[in-house]
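**Student:** Before I ask anything, let me first share the structure, which is written out below as structure tokens.
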Amino acid sequence: MAQGKGLMSPTRDLSFNSMYAAFGDIPESRILSPEEIGLTDDAVIQMRQAVYGVGTGSMTIDEAVAGYGSFG
């Protein structure tokens, strides 16, 4: 993935408006972050850091696997 490029959702319809429009009417009070439901353990944090690094192009999948457990 090229540096500075955003993530692309897996869909044939690349119109983000139509992809996410269904979520527009969900009240904010019904949206939970992982922290709110207790998903803050080390494994979740490591996975999120690895996914972010690969998704943003700052590391390869091999680098993410090799660095798993050491992300801060």
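**Student:** Might you check whether a residue that is surrounded by 10 or more Cβ atoms within 10 Å (Cβ to Cβ), at pLDDT 75 or above and small (Gly, Ala, Ser) occurs anywhere in the stretch 24-34?
**Tutor:** no
**Student:** Given (1) touching a Leu at 6+ places or on another chain (Cβ under 7 Å); (2) small (Gly, Ala, Ser); (3) modelled with pLDDT under 75, identify the lone condition not met by residue 55.
**Tutor:** It fails just one condition, (3).
**Student:** Give the number of residues within the stretch 18-57 that are outside any helix (DSSP H, G or I) and touching a residue at least 40 places away in the same chain (Cβ under 8 Å).
**Tutor:** The number of residues fulfilling the criteria is 1.
The values are calculated or read from the model by the stated rules, or taken from the named source; none is laboratory data. Everything quoted here is computed from the prediction, not taken from an experiment. Every residue, glycine among them, receives a Cβ derived from its backbone with ideal geometry; neighbour counts consider all protein chains shown.
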